[in-house]
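Reviewing the structure listed below.
The values are calculated or read from the model by the stated rules, or taken from the named source; none is laboratory data. Remember, predicted model here, so these are calculated numbers, not experimental data. As a convention, Cβ positions derive from the backbone with ideal geometry for all residues, glycine included, and neighbour counts pool all protein chains shown.
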C-alpha cells in the first residue's frame with residue numbers, strides 16, 4: 001500500500017493534469033472569416049466593415065473581404081458618392097455539445113482513480129470530486145474553443161440613381177493587395193481587370209484580364225471607386241483612354257465611344 005506522502009504526490013500530479021486540461025481552452029488569435037458583400041441596387045459601391053477587433057475596407061461591390069471574427073456584431077457601411085447606408089450582421093456560435101464535459105469527467109475521474117489505488121473510501125470521495133472537476137473543466141474548454149462566425153453573405157440596401165447604360169465599360173475590376181502591388185511595382189490603388197464582357201467597349205478596345213489600370217484620360221486611378229468616378233465623369237460619346245500596365249509595360253488602351261444610349265454593356 002502506498003504511503004500518505006506518495007498518495008499526495010499522485011494527487012498533486014492529477015491536479016496538474018486538470019490544470020493542463022483547462023489550459024487547453026486558451027485560444028490563439030481570433031479566427032479570420034471571408035465575407036461576400038453585395039449592394040445589388042448600386043454596383044461598385046465602397047464599404048467599410050468594423051467590429052471590436054478592427055476595421056476593413058472593400059473597395060468595390062460586389063466583392064469579398066476577410067475580417068477577424070468576434071462575439072460583437074459586424075457593422076457594414078457602404079457608400080457611393082454622397083449616398084451612405086449601413087447594415088449590422090450578428091455573430092453566431094454553435095452550442096456546447098457536451099462532448100467536452102464527458103471527456104473531462106473521464107480524464108479527471110480516471111486519473112484520480114489511478115492515483116488513489118489502495119486508499120479505500122477516502123479514495124472514492126476524491127475520485128468523485130475529480131470527476132466533477134474534470135467535467136466542469138472539459139465543458140469550459142469546449143465552450144472557449146467554439147468559433148464565432150458572421151453570415152457568409154451580407155446584402156446592404158444601397159440604391160443609386162439610375163445609370164446611363166452607355167457609361168458601362170463591360171469590365172470587372174478589383175483592388176490590389178499590398179503584396180500584389182509591390183510585386184507588380186505599381187501603386188496600391190491600381191485596379192486589376194479580372195473579367196471582360198464579350199461585345200462590350202472594353203472588349204472592343206482589346207482590354208484583357210490581368211491588365212492593371214493606373215489612370216483614365218490622364219487622371220490617376222488610386223482606387224476602384226476612383227476609376228468608377230472617372231468613368232462616370234467621361235462623356236459616353238467620347239473615346240475613353242485608360243493608362244494600363246500590361247506584362248510590365250505601360251500602354252494606352254482606347255475604349256470607343258458608345259454608339260447609342262443603352263447599346264453598350
Among the residues listed as 85, 68, 92, the single one being within 11 Å of the chain's Cα centre (by Cα) and farther than 21 Å from residue 172 by Cα:
68
Considering 240, 230, 207, 255, which residue is closer than 22 Å to residue 58 by Cα and surrounded by 17 or more Cβ atoms within 10 Å (Cβ to Cβ)?
230
Residue check, residue 198 against (1) at pLDDT below 85; (2) under 29 Å from residue 38 (Cβ atoms); (3) exposed (fewer than 12 other Cβ atoms within 10 Å of the Cβ), all met but one. Which one?
(1)
Among the candidates 221, 213, residue that is modelled with pLDDT of 90 or more, outside the structural domain of residue 45 (by TED's automatic domain parsing) and under 33 Å from the mean Cα position of the chain (by Cα):
213
